[in-house]
Amino acid sequence: MFGRITTAAPRTARDMDDFFAGVLTRAIPWPVGQADFHWHILHDPLAVEEQLAGPYRKLTDQPGLAAVEARWVHTTVMRGGPVAQYRTAELDTTLARVREEAAAIAPFELAYGRPEVDRAALEVPAYSGEQARRLWELTSRIDAEEPPGEAETERAHRLAPAVVKALGRAFTGRLARTSTDDDLKAIDDLAYRADLTRLHNSDPVVVPLLNRLLHGLEAFPDFVGETRRTFTVLVCQTVHFLRAAADLDTATAFGERRTGPDGKRIKFRDYRRRFDKADGDLVPVEGDLQQHFYTRLLSGQIGHLVQVEAVNRALGRADILVHFGSRQYLTEIKKNHTSNDRAYLEKRYLAQAAEYTNTTAPFGQLLVLDLTEKKKAGTLRVDELTWLAKHRPPNALLDRAVVAAVVTGNRYTPSDFST
């Protein structure tokens, strides 16, 4: 109820002298400067002021005592360890879990006893009922649980990426600690379906396109189990990238007002926009699309699983590699000035994209930057520029599946179509 301030209290004959002596000399005093992790019940400040703080305010007019503001008068539910022993992510996760579980506890009343002298304050004991005890039990239980280790977190990402996206890494890591592989996969399938259901009402392009690609992939016998789950996550990320690449302006996609060491603004080249070699404009290269896709993946749910220019892949170097444990999926990046026709692009680039699947699951991706000359007649939609292709080398027994897409470059903006 009342907290002690840091100035030393004068020694007097009053009863409160024993309180100060006890606080300063007890065997386990509250360490100076230490912040401990607490769970508190806060009360209505107006009610506290009217019924508690106001009537007893004169008692605080004593040397070395200070009244706690009405808004900070609280009932302590649980005291954990020093805050310095917790990682920020642990505190955030604990807060989220307690908020979720405490929502099921109905409002309750507490009865309070007479004030008692404690380590650094006069405190009032609360007599808890069943509901209050539930609150103490859940905060104590969650605080005592060990955070998931690196192996559990990696297993959660590998087997339940959709759950990680929906519920967070820490929660899914704890789930992985007590769940079998099959259980995690089943939960992940539910989370993925729920995510698709949520998107169904909000995105008329992404969801139908994803459904079309996944339906086509189901024809491949290896598109089952963990391979299905992990490659689906990559395809989802890719489709969202394609949508963003078709929409976001330069400032949103790459940032704006970049300046050099001299303080002057640097003109940023957006590989998707019109260029004119006669005016000295630099021609976009494969690396522009590669860097954009790589950066986009890094900022998403599988960012820690992505590598760029990975070596020792089919005797060569892979543009973008995403690895889910033993399952690895490669995305080949190309540019083309000649044609964006599907048959033409497959003839030129499909075999290379499929070649990287020879020592892993037979699924990969191909992204082509279309730099052909455009006319002011409109641009193809994302779902018209994305398709599922298959390739089987001579004498091979197994088809390779490649999700292929064209990213439109050298394009006009909508205002350019007005005459």
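Each reported figure results from applying straightforward, stated rules to the coordinates on display, with no laboratory input. Quick caveat, the model's predicted, so the values are computed rather than measured. With ideal geometry, Cβ positions are generated from the backbone for all residues, glycine too; neighbour counts draw on all protein chains shown.
Overview of results
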item: Label point 7 Å beyond Cα of residue 203 along Cβ direction - residues of region 345-382 with amide nitrogen under 17 Å; result: 381-382
item: Radius 10 Å from Cβ of residue 332, net charge of other residues (Lys, Arg +1; Asp, Glu -1); result: -2
item: FRET efficiency, residue 66 to residue 114 (Cβ-Cβ, R0 25 Å, nearest 0.05); result: 0.70
item: Long-range amide H partners of residue 273 with built H, under 5 Å; result: 410, 411
item: Cα-based reach from residue 264 at 27 Å (exclusive), listing lysines while leaving out same-chain residues under 8 positions away; result: 277
item: Full-stretch length increase - residue 137, residue 212 - with 0.36 nm per residue and alpha-carbon distance subtracted; result: 22.2 nm
item: Highest to lowest packing among 42-50, 151-159, scored as the average C-beta count within 10 Å; result: 151-159, 42-50
item: Label point distance in nm, residue 36-residue 307, each placed 7 Å from Cα along Cα→Cβ; result: 4.8
item: Hypothetical label at residue 417: residues of region 350-382 whose amide nitrogen lies under 20 Å (7 Å Cα-Cβ projection); result: 370-382
item: Local electrostatic count at residue 352 - Lys and Arg +1, Asp and Glu -1, tallied over other residues with Cβ under 9 Å; result: 0
item: 22 Å Cα-Cα reach of residue 390 towards lysines, excluding residues that sit fewer than 8 places from it in its own chain; result: 334, 335, 347
